[in-house]
Amino acid sequence: MGNLNLNPYLVTFDTTTAARNTLPYLIDLNPADSLLGSAVIDGKTETQTTILTVPAGKTCIPTKILFVMTSASEVTGVATVTVGETAGWDTILGSTALTNFDATGQSWKETIADGIIEATANPDEASVVKIDVATAATTTGAGDTYTFTVYLFGALV
């Protein structure tokens with residue numbers, strides 16, 4: 001998992017708007033960071049989505065979470081999310097309103113201070129890291145979108 005081949009949105013964002021959309025902001029990755037998992041999220045739906053299942057016998061040390069907006073139209077209210085393991089899904093990233101994250105191509109990065117997730121010894125009971133859309137985004141019409149990809153970076157040791 002050493003290669004970080006994410007997606008074209010990481011090189012086609014608007015560099016003239018907010019600091020969250022600048023290249024130095026996005027590439028602030030430690031050389032030890034690997035892409036651990038990702039998921040495409042419909043931010044208009046309150047649900048939990050798996051980002052990573054930690055392999056048995058491994059420990060996940062998350063360092064960063066990157067959100068990239070793949071499609072947003074007529075957004076009237078942004079989503080609030082959490083990321084983590086176990087019920088509540090907030091052991092890595094507590095409740096976070098994605099304020100001003102409402103246009104296609106935008107990015108949002110969160111640096112994790114000290115999250116460590118240990119998988120159990122039984123592969124069937126490995127820890128699962130999920131993103132929870134606790135409050136769905138709202139849009140003007142039924143056909144409007146609020147879809148983003150979440151990337152989890154860190155190390156498995």
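Throughout, read-outs are computed from the coordinates displayed, never taken from laboratory work. Just so you know, these numbers come straight off a predicted model, no measurement behind them. Here Cβ is always computed from backbone atoms with ideal geometry, including for glycine, and neighbour counts include all displayed protein chains.
Take each peptide in 46-56, 83-93, count the other Cβ atoms within 10 Å of every residue, and average; sorted highest first, the result is 83-93, 46-56. Taking a sphere under 12 Å around the Cβ of THR135 and counting the other residues whose Cβ falls inside, with K and R at +1 and D and E at -1, yields a net charge of -1. Distance between the pseudo-spin-label points of THR138 and THR86 (7 Å out from Cα toward the beta carbon): 3.4 nm.
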